[in-house]
Amino acid sequence: MRLYIAGKNDTFETIAKQYQIDVELLRMVNTHILHHHTSIAGATIRIPDGSEGVTSGTTFSCPPVDPTPYLNNWIPLASLQQMAETEYDVLIIGSGIGGGAALWRLCEHWSSTGMKIGVIEKGGLLLQTHSWNVPTLNSSRAARLFANPAVSTPIGLTLPQFSGAREVYSLGGRTQFWGAVTPRLQRHEIANWPISPEELTAYYNIAESVMTVSNGYSKDSSMTESVLNRLWANGFTEAVNSPLAVNMNPTKYGKILSSAVFSSIDFFAKALNTAPFDLAVNTYATRIVTEGNRVIGVQAANPDKKNFFLRARSVILAASALQTPRLLLHSGIPGRAIGHYLTNHSMVVTNGSIPTASFPEVQGTLAILLPSTSKNHYQVQIQGPEPYYWYHDMTKELQNDGMLNFFGGFGTVESRFENEVYLDYSCKDEHGVPGIAVNFSYSAKDQAIIEQIKSNIPIIALAAGIQLTGSMGKPDLCLLAPGYDFHESGTCRMGDDPNTSAANRYGQIHGISGLYVAGNSVLPSIGAANPTLTAAAMAIRTADYLSENMSRI
Ligand SMILES: Cc1cc2nc3c(=O)[nH]c(=O)nc-3n(C[C@H](O)[C@H](O)[C@H](O)COP(=O)(O)OP(=O)(O)OC[C@H]3O[C@@H](n4cnc5c(N)ncnc54)[C@H](O)[C@@H]3O)c2cc1C
């Protein structure tokens with residue numbers, strides 16, 4: 001390769017003629033010159049080997065540096081217009097835990113297969129990571145950021161029976177703010193599932209590994225150790241160090257990741273380093289399009305409200321337990337159970353403090369979980385101390401008593417047909433998609449569990465040495481409004497019977513080939529355990545099924 005400095009009247013054509021080379025070849029090796037049709041006078045032109053001519057400059061000089069195609073964001077984005085030109089093998093809607101986990105797994109399977117994966121997400125790029133990883137956000141500041149209606153949408157304001165619900169429309173969905181508490185469902189909680197406990201265990205293992213779930217976060221803390229000992233001594237033998245999706249693993253280069261908390265954005269980062277995929281944000285899926293009994297694509301709108309049709313051989317709908325059934329119902333997808341069996345956790349909260357005088361040394365982080373048992377159908381979490389729970393710079397002893405930042409119980413809620421999300425045609429959004437309404441109530445059995453939590457939390461507090469201070473401006477204990485747990489699930493649940501389930505055991509909508517659901521909506525039940533680990537495990541399983549059953553035609 002030689003270099004030539006273009007003269008005043010030179011063009012690519014004249015230079016190609018002069019060196020008797022193909023003009024397209026000349027252009028190809030000179031992509032650093034952006035505007036082929038404007039003057040190239042003075043530009044350094046690369047002359048491919050084998051051509052005759054005069055070189056200019058010295059062979060010691062570096063070749064001209066190509067203008068680097070720069071990124072506008074930390075993650076490459078595609079426009080909806082560009083995506084409309086591709087037929088996707090799998091198109092994922094939503095980038096929360098369901099969408100993120102499915103994407104990661106598909107990219108693992110299809111790293112060099114040429115299979116085409118696309119993702120569309122309604123929201124934009126709110127945070128580049130999980131909120132607790134931002135050093136300025138300790139527990140209370142992160143909670144206040146989350147409370148901002150511009151950050152999380154208080155959708156429950158129009159849902160009187162589910163008034164605590166909030167959505168986060170942005171890349172990562174609600175996992176940007178989640179608490180990362182990641183217990184498995186207990187055996188007695190999956191008795192009615194369409195898959196075996198052994199298979200679920202295998203997928204828990206995969207999900208825990210990729211989400212770096214461990215009980216190490218509070219392992220060395222003297223506060224956690226002492227409180228656990230008190231609980232065990234008082235008969236609460238089920239209490240454990242809380243499992244958290246926090247990367248505590250040392251690498252061979254040192255402990256570089258110990259403060260990172262998993263969010264679905266981690267899934268995107270991992271996927272990005274494995275296989276190419278297209279991602280469009282600020283892109284609203286407005287309709288699932290089917291032909292006969294198979295999915296053929298998705299209609300979606302960009303921020304300018306322009307509609308595009310995205311062709312797809314398969315679609316994974318992971319838009320949350322409230323939005324996923326909305327889109328299916330609006331698209332006329334048949335299924336008696338779609339939108340029904342809405343479940344959540346009844347959430348009884350209090351707060352308290354722990355006298356620190358009784359601890360021998362720097363106290364550390366308190367993270368304890370009491371899982372449900374076959375007798376007690378609720379889970380209790382004890383977390384603190386504020387403000388160091390997440391920003392655990394605990395090199396000094398606490399001056400005052402340790403205030404908890406969460407102390408409460410999640411009660412099991414029955415999956416009942418009458419608890420449902422349905423379309424509210426009286427209010428349509430700007431794209432003509434009807435809003436949602438919710439019918440929701442706690443059954444007599446749910447109420448009995450709520451009473452059980454209410455009477456047992458003070459006993460647990462006494463055993464743990466916690467002084468109750470009350471919560472949300474209320475004394476002692478209070479029951480939060482339904483939806484406030486943010487664990488809503490089950491509205492497109494898996495099962496073998498299309499009468500009582502929306503999707504089959506692999507997450508495929510009954511009777512519609514190529515259309516899958518992922519995320520909390522697909523879970524048949526959630527017992528008393530925080531649901532996100534289970535949703536990730538199931539999304540990974542759906543991706544495995546898809547990759548086994550699809551190949552490039
Ligand atoms: C403060 C807080 C703390 C929490 N703590 C925990 C915890 O400790 N442990 C736990 O297990 N869970 C916790 N959760 C719950 C957890 O965040 C959810 O279980 C999980 O995020 C659900 O994942 P998802 O994929 O189903 O839905 P989401 O995370 O809600 O993701 C859905 C995505 O779909 C997008 N979307 C919606 N509609 C459309 C559309 N039409 N077109 C395109 N995109 C669309 C949304 O913008 C969103 O990004 C917590 C939640 C909150 C808010």
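Say we look at segment 492-508 and pick out the residues that are surrounded by fewer than 16 Cβ atoms within 10 Å (Cβ to Cβ) and touching a residue at least 40 places away in the same chain (Cβ under 8 Å); which of these is farthest from Pro334 (Cα to Cα)? Even if it seems obvious, please write down each step before you answer.
Initial filter on segment 492-508 (surrounded by fewer than 16 Cβ atoms within 10 Å (Cβ to Cβ)): 496-497, 499.
Checking the rest, the ones that are also touching a residue at least 40 places away in the same chain (Cβ under 8 Å) come to 496, 499.
Numbers: Asp496: 16, Asn499: 11 Å.
Here the residue is Asp496.
What number of residues within segment 252-270 are modelled with pLDDT of 60 or more and β-branched (Val, Ile, Thr)?
Number satisfying all stated conditions: 2.
Any chance segment 268-277 includes a residue that's in a strand (DSSP E or B), within 16 Å of Leu80 (Cα to Cα) and in contact (Cβ under 8 Å) with a residue 12 or more places away in the chain?
No, that holds for no residue.
Could you check segment 398-421 and list, in sequence order, the residues that are polar (S, T, N, Q) and either out of contact with any strand residue (DSSP E or B) (no Cβ under 7 Å at 6 or more places or on another chain) or closer than 18 Å to Ile466 by Cβ (or both)? Explain how you work it out, then say what you get.
Kept after step one, since they are polar (S, T, N, Q), are these residues of segment 398-421: 399-400, 405, 412, 415, 419.
Within segment 398-421, Gln399, Asn400, Asn405 qualify.
Within segment 365-377, can you find the residues that are closer than 16 Å to Ala463 by Cβ and outside any loop (DSSP other than H, G, I, E, B)?
Leu366, Ile368, Leu369, Leu370
Are any residues in segment 144-155 within 13 Å of the ligand (Cβ to nearest atom) and exposed (fewer than 14 other Cβ atoms within 10 Å of the Cβ), and if so, which ones?
If the condition is that a residue be within 13 Å of the ligand (Cβ to nearest atom) and exposed (fewer than 14 other Cβ atoms within 10 Å of the Cβ), then Arg144, Ala147, Asn148 are the ones that fit.
Identify the residue in segment 156-184 that is in a helix (DSSP H, G or I) and in contact (Cβ under 8 Å) with a residue 60 or more places away in the chain and, among all such residues, is farthest from the ligand (Cβ to nearest atom).
Gln161
Quick check on segment 463-470. Is at least one of its residues surrounded by fewer than 19 Cβ atoms within 10 Å (Cβ to Cβ) and assigned to a helix (DSSP H, G or I)?
Yes: segment 463-470 contains one or more residues that are surrounded by fewer than 19 Cβ atoms within 10 Å (Cβ to Cβ) and assigned to a helix (DSSP H, G or I).
Filter segment 509-540 for residues that are in a strand (DSSP E or B) and either within 9 Å of the ligand (Cβ to nearest atom) or buried (at least 24 other Cβ atoms within 10 Å of the Cβ) (or both) and give the result.
Ile509, Leu515, Tyr516, Val517
What is the one condition in (1) β-branched (Val, Ile, Thr); (2) touching a Ser or Thr at 6+ places or on another chain (Cβ under 6 Å); (3) at pLDDT below 95 that Thr136 does not satisfy?
Failed condition: (2).
Away from the ligand (no atom under 11 Å from the Cβ) and either farther than 29 Å from Ile457 by Cα or modelled with pLDDT under 95 (or both), is that true of Ala275?
yes
Condition test on Ser489, is it in contact (Cβ under 8 Å) with a residue 60 or more places away in the chain, small (Gly, Ala, Ser), surrounded by 24 or more Cβ atoms within 10 Å (Cβ to Cβ) and more than 16 Å from the ligand (Cβ to nearest atom)?
Judged against the criteria, Ser489 is not a match.
In this structure, does Ser170 turn out to be crowded, with 19+ Cβ neighbours inside 10 Å and farther than 24 Å from His377 by Cβ? I'd like the intermediate steps shown before the answer.
Details: crowded, with 19+ Cβ neighbours inside 10 Å: yes; farther than 24 Å from His377 by Cβ: yes.
Taking the combined requirement at face value, the residue satisfies it.
Output the residues belonging to segment 79-95 that are surrounded by 15 or more Cβ atoms within 10 Å (Cβ to Cβ) and more than 14 Å from the ligand (Cβ to nearest atom). Spell out how you get there, then give the answer.
Step one: filter segment 79-95 for residues surrounded by 15 or more Cβ atoms within 10 Å (Cβ to Cβ), giving 80, 83-84, 86, 88-95.
Passing the criteria: Ala84, Thr86, Tyr88, Asp89, Val90.
Restricting to segment 209-231, name every residue that is within 27 Å of Lys270 (Cα to Cα), free of Cβ contacts under 8 Å to residues at least 60 places away in the same chain and in a helix (DSSP H, G or I).
Within segment 209-231, just Ser209 meets the criteria.
If I ask for residues that are among the charged types (D, E, K, R) and more than 11 Å from the ligand (Cβ to nearest atom), which ones from segment 96-130 would you list?
Scanning segment 96-130 gives Arg105, Glu108, Lys116.
If you take the residues of segment 397-426 that are closer than 15 Å to Ile382 by Cα and of a type in the set (A, V, I, L, M), which of them is modelled with the lowest pLDDT?
Met403
Picking from Ser214, Ser226, which residue would you name as being at pLDDT 90 or above, over 22 Å from Gln186 (Cβ atoms), surrounded by 15 or more Cβ atoms within 10 Å (Cβ to Cβ) and touching a helix residue (DSSP H, G or I) at 6+ places or on another chain (Cβ under 9 Å)? Reasoning before the result, please.
Details: Ser214 fails: over 22 Å from Gln186 (Cβ atoms).
None of the other options fit; the residue is Ser226.
Being part of a loop (DSSP other than H, G, I, E, B) and touching an Asp or Glu at 6+ places or on another chain (Cβ under 6 Å) is the filter; apply it to segment 111-143 and report the residue that is surrounded by the fewest Cβ atoms within 10 Å (Cβ to Cβ). Full working, then the answer.
Going residue by residue through segment 111-143, those that are part of a loop (DSSP other than H, G, I, E, B) are 111-116, 121-123, 125-130, 134-138.
So of that shortlist, the ones also touching an Asp or Glu at 6+ places or on another chain (Cβ under 6 Å) come out as 115-116.
Details: Met115: 22, Lys116: 20.
Taking the candidates together, the pick is Lys116.
Listed residues Tyr284, Tyr217; which is out of contact with any Asp or Glu (no Cβ under 8 Å at 6 or more places or on another chain) and under 25 Å from Ser372 (Cα atoms)? It would help to see each step written out before you state the result.
On the way: Tyr284 fails: under 25 Å from Ser372 (Cα atoms).
After applying the criteria, what remains is Tyr217.
Which pairs do you get when a residue that is in contact (Cβ under 8 Å) with a residue 24 or more places away in the chain and at positive phi, found in segment 80-99, comes within reach of a residue that is within 13 Å of the ligand (Cβ to nearest atom) and part of a helix (DSSP H, G or I), reach meaning Cβ atoms under 7 angstrom, with the pair 6+ apart or on two chains?
Going by the 7 Å Cβ cut-off, the qualifying pairs are Gly94/Gly173.
Exactly one of (1) out of contact with any helix residue (DSSP H, G or I) (no Cβ under 9 Å at 6 or more places or on another chain); (2) buried (at least 23 other Cβ atoms within 10 Å of the Cβ); (3) on the phi > 0 side of the Ramachandran plot; (4) not basic (Lys, Arg) is unmet by Gly332. Its number?
Evaluating Gly332 over (1) out of contact with any helix residue (DSSP H, G or I) (no Cβ under 9 Å at 6 or more places or on another chain); (2) buried (at least 23 other Cβ atoms within 10 Å of the Cβ); (3) on the phi > 0 side of the Ramachandran plot; (4) not basic (Lys, Arg) leaves (2) as the failure.
The values are calculated or read from the model by the stated rules, or taken from the named source; none is laboratory data. Being a predicted model, the structure only gives us computed values, none of them experimental. Reconstructed Cβ throughout: ideal geometry from the backbone, glycine too, with neighbour counts over all protein chains shown.
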